[in-house]
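Only one structure is covered here, and it is reproduced in the block below.
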Amino acid sequence: MAYEWKFSSRPYSDEEAKALLKDVISPETSDWHYNTHHKGYVTFLNKIEQGLESADVGAANGNWSDFGELKRRFTWNHSGALLHDVYWEVLGGDGDVGKGPDVKAALEQHFGSVENWRANFKACAFAAKLSGWGLLVYDALYSQRLVNVLVDEHQYGAIWGGIPLISCDVFEHAYYHKDGPGRAKYIDNFLNNLHWGRINDRYNKYVK
């Protein structure tokens with residue numbers, strides 16, 4: 001039987017999102033982005049799982065096969081679903097890093113200061129392609145450091161064993177309805193809306 005992926009709830013209702021995230025994204029985007037884009041990745045993950053049940057593994061090759069294409073789209077949709085889970089989880093706060101004392105101390109240790117981390121994170125998010133992400137990850141399998149990572153699409157540039165603690169979606173659909181081409185403004189608003197209490201919980205769950 002094919003594995004069934006679940007569409008994750010946000011830590012606030014759809015109506016609450018319109019108010020909590022209004023400085024970051026438009027009310028319409030708070031709905032479209034979650035209930036259409038994000039949900040779509042989970043829907044297609046399940047379709048891919050079903051397709052893999054009957055795909056002919058013996059026909060796999062380096063040019064084209066149903067199995068190979070399903071596997072490629074699996075990575076795209078899995079990464080998209082996961083990164084959106086983190087995106088919604090870390091938004092909806094007042095941007096006060098003092099409410100995340102453990103992760104704040106870690107940022108100071110690894111980046112020298114929160115300000116240095118913020119500038120580096122913003123540069124990563126701003127430098128991603130027009131469809132990409134800026135991420136703060138814990139490099140669990142290699143250096144055991146906190147590292148900012150630039151990812152194009154949902155998966156190109158990701159590091160093995162990197163656990164996302166913060167994810168900023170910089171696909172144009174994330175911000176164009178409110179800010180047009182103002183990606184830098186959107187990233188600043190994203191950072192100012194972070195919920196450092198929930199980020200601190202992620203840090204303590206996956207790092208400490």
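Each value in this text was obtained by applying a stated rule to the coordinates, not by laboratory testing. What you are looking at is a predicted structure, and each value in this text was computed from that prediction instead of being measured. Quick reminder, even Gly has a Cβ in these numbers, built from the backbone with ideal geometry, and neighbours come from all protein chains shown.
Under 17 Å Cα-Cα from K205, which aspartates and glutamates qualify once same-chain neighbours fewer than 8 residues away are excluded? Within reach: D85, E89, D102, D139. Placing a pseudo-label 7 Å from each Cα along the Cα-to-Cβ vector at N61 and H173 gives an inter-label distance of 3.4 nm. Taking the C-alpha atoms only, the angle from helix 183-192 to the longest principal axis of the chain is near 70 degrees.
Pair-distance distribution P(r) for the range 97-206, from all Cα-Cα distances in 5 Å bins starting at 0: 2, 13, 23, 25, 20, 12, 5, 1 percent. Against the main long axis of the alpha-carbon atoms of the chain, helix 39-54 sits at an angle near 30°.
Note: relative contact order over the range 97-206, using C-alpha pairs below 8 Å and six or more positions apart, is 28 percent.
Starting from the Kirkwood radius over alpha-carbon pairs of the range 26-90, derive D by Stokes-Einstein at 20 °C in a medium of 1.002 mPa s and give it in µm² s⁻¹. Rounded, D is 164 µm²/s. Computed from label points 7 Å out along Cα-Cβ, the spacing between Q50 and N35 is 2.3 nm. Using C-alpha pairs under 8 Å with a sequence gap of at least 6, the mean separation divided by the residue count of the chain gives a relative contact order of 24 percent. Once the chain from Y206 to D94 is taken as fully extended at 0.36 nm per residue, the excess over their C-alpha distance is 38.0 nm. With respect to the chain, whose longest principal axis is taken over its alpha-carbon atoms, helix 196-206 is tilted by about 50°. For D152 and L70, the FRET efficiency from 1/(1 + (r/R0)^6), where r spans their Cβ atoms and R0 equals 25 Å, is about 0.70. In terms of the mean number of neighbouring beta-carbon atoms within 10 Å, the peptides 8-16, 161-169, 115-123, 190-198 order highest first as 161-169, 190-198, 115-123, 8-16. Size descriptors for the chain (Cα atoms only): Rg and Dmax, in that order, 17.8, 55 Å.
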